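Please treat every number below as a calculation from the coordinates, not as lab data. The structure presented is a predicted model; accordingly, all values stated were derived computationally and were not measured. For neighbour counting, all protein chains shown are included, and Cβ atoms are generated from backbone atoms with ideal geometry for every residue, glycine included.
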Amino acid sequence: MSIAGPQHETCAGATARDCKHGRAANGCEDCKVRLFSVCAALEATELDELDRISQAKLVPARTTLFEQGSLAGSVFNVTDGVVRLYKSLPDGRRQIVGFALPGDFLGLALQDRYGVTAEAVTAVSVCRFARSAFLGYIDGKPHLLRRLHEFAGHELSLAQDQMLLLGRRTAEEKIAAFLLNMQARHARIGAVSVTVALPMSRQDIADYLGLTIETVSRTLTRLAREKAVLIVPDGVRLLDLERLKLAGAG
């Protein structure tokens, strides 16, 4: 199932404008992710205008938001949940290139076709904007363009982080860096905790880090046995931050 095209609706019995999953009844102004998303650059009147061109969607887990190579007709702002982003390789394998969290925009490159596939890991709430409407909206708003450039820079930094993760590092170094990166990203959106939520599967983590699922499980088990982490339901608690930081910087 895909929601990238306007023909797909995920709010049974409601129009897209009436569906407010993951967003306050007052729309963009009271959105819980506004302050750490691109929208933070906007004034109240501009938020009203943005709200008028948005469609709030509730996307079930394992649903595709858009597919690699398909026409890029929409831009998405994730307001709740986690989305995995991956490329399909010629030999049929997939390479996960990132995980989108609340506050992240998808499709900001505004190319003619999507460069990756975006799939909901958990139930996900998004605000969807038609590409043409979004382009028209940002035209003449230099403060919003600056914010978009900041986010593009953040995405580039994440891509560079992944290149380092896939480089000549040990499995422990990769996993430690991944856990610390996810903790920092959650803290960036206000979820400061020593427990890192990991709703994605071990296979997802393996595909992201360029490891096998057996190596991921074995390494996490060893870190838990050595009291560096504690594996909890749907996440990992970081017990020895110094040990993890030392390994993650390797």
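Modelled spin-label separation between ALA133 and ALA184, with each label point placed 7 Å from Cα along the Cα-to-Cβ direction: 3.6 nm. Once the Cα-Cα distance is subtracted from the 0.36 nm per residue extended length, the ALA61 to THR45 segment shows a gain of 2.4 nm.
Backbone amide hydrogens, once placed in the peptide plane, bring VAL124 within less than 5 Å of VAL59, ALA61, excluding anything fewer than 5 places away on its chain.
Residues whose amide H lies under 5 Å from that of LYS32, counting only those 5 or more places away or on a different chain, are ALA24; hydrogens are built 1.01 Å from N in the peptide plane.
Any idea how far the Cα center of the stretch 199-236 sits from the one of the stretch 83-119, in Å? The distance from the Cα centre of the stretch 199-236 to that of the stretch 83-119 comes to 22 Å. For LYS32, the lysines whose Cα comes closer than 28 Å to its Cα, not counting residues fewer than 8 places off in the same chain, are LYS20, LYS57, LYS141.
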